[in-house]
Structures are given as structure tokens and as C-alpha cells.
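Below you'll find the structure, written out as C-alpha cells, and then a few comments.
The values are calculated or read from the model by the stated rules, or taken from the named source; none is laboratory data. The structure presented is a predicted model; accordingly, all values stated were derived computationally and were not measured. Counting neighbours? That spans all protein chains shown, and the Cβs are built from the backbone with ideal geometry, glycine included. Side chains are part of the model used for accessible areas, which takes the heavy atoms of the whole protein and leaves out ligands, DNA and RNA. Shrake-Rupley method; radii C 1.70, N 1.55, O 1.52, S 1.80 Å.
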Amino acid sequence: KFEFQREIDVMTNVRHPHIAPILGYAIEEHGTRAALLGPVYDGSLQDRLSDPALTWQRRLSILADVACGLQALHTAATP
């Protein structure tokens, strides 16, 4: 429960073009957790990567974007 709350706290404070914003979240008494993410207009990462017409150059560009977003989250999570 604490780990989820910590991740929510980090993600609500990070603004980055490669991270969907958190619009809200809930932690139920019995432990169920949920986060409501903002809209992602280009489709999911899975949708994009499963496109057979996707070039390796574009795949590497997507990989760089994902790494950039993860770096922003990890940098924000560092005390």
C-alpha cells in the first residue's frame, strides 16, 4: 500500500511529454488499488510496437522516448 502511494505521489508531480498524467487514484479498504490516467492519443505502447510496418529507426525512437520518461520518474523519486 505504501509503495503504491509513493509511486502515485511521484507521478502526480512529474510533468513530462512521455508520461500520461495521473488524474486520480483510489485505495480500497480491502487493498484494491487503481489509478486513473489521462488520455493517450497515439494509442498504447503495445499497439505501436505491434505495428508490422514500424521501422527499426522508429522503434529506437520510441525506446529513447520511454527511457526519457523513466529517467524523469526515477529522478523525481530520488530524495
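A few points about this structure:
- Derived value for the stretch 1-46: Kirkwood hydrodynamic radius 11.8 Å. Basis is the mean of 1/r over every pair of different alpha-carbon atoms.
- FRET efficiency, D9 to L54 (Cβ-Cβ, R0 35 Å, nearest 0.05): 0.50
- Heavy-atom accessible surface of the chain, averaged per residue, reaches 79 Å², computed with a 1.4 Å probe.
- Heavy-atom accessible surface of the chain: percent carbon and sulfur, 1.4 Å: 58 percent
- Value of relative contact order over the stretch 1-75, rounded to a whole percent, pairs C-alpha under 8 Å and six or more apart: 31 percent
- In loop segments of the stretch 1-64 as defined by DSSP, the GluC sites (Glu not before Pro) with at most 15 further C-beta atoms inside 10 Å of their C-beta are E28, E29.
- Against the chain, whose longest principal axis is taken from its Cα atoms, helix 56-77 shows a tilt of about 20°.
- Cα-based helix-to-principal-axis angle, 2-13 vs the chain, degrees rounded to 10: 60 degrees
- Convex hull per residue volume in Å³, alpha carbons only, for the chain: 102 Å³
- The chymotrypsin sites (Phe, Trp or Tyr not before Pro) found in the chain that occupy coil by DSSP, while having at most 12 further C-beta atoms within 10 Å, are Y41.
- With loop membership from DSSP and a limit of 10 other Cβ atoms within 10 Å, the longest segment of the chain without trypsin sites (Lys or Arg not before Pro) is 16-79.
- Exposure ranking of V66, V14 by accessible area [1.4 Å probe, largest first]: V66, V14
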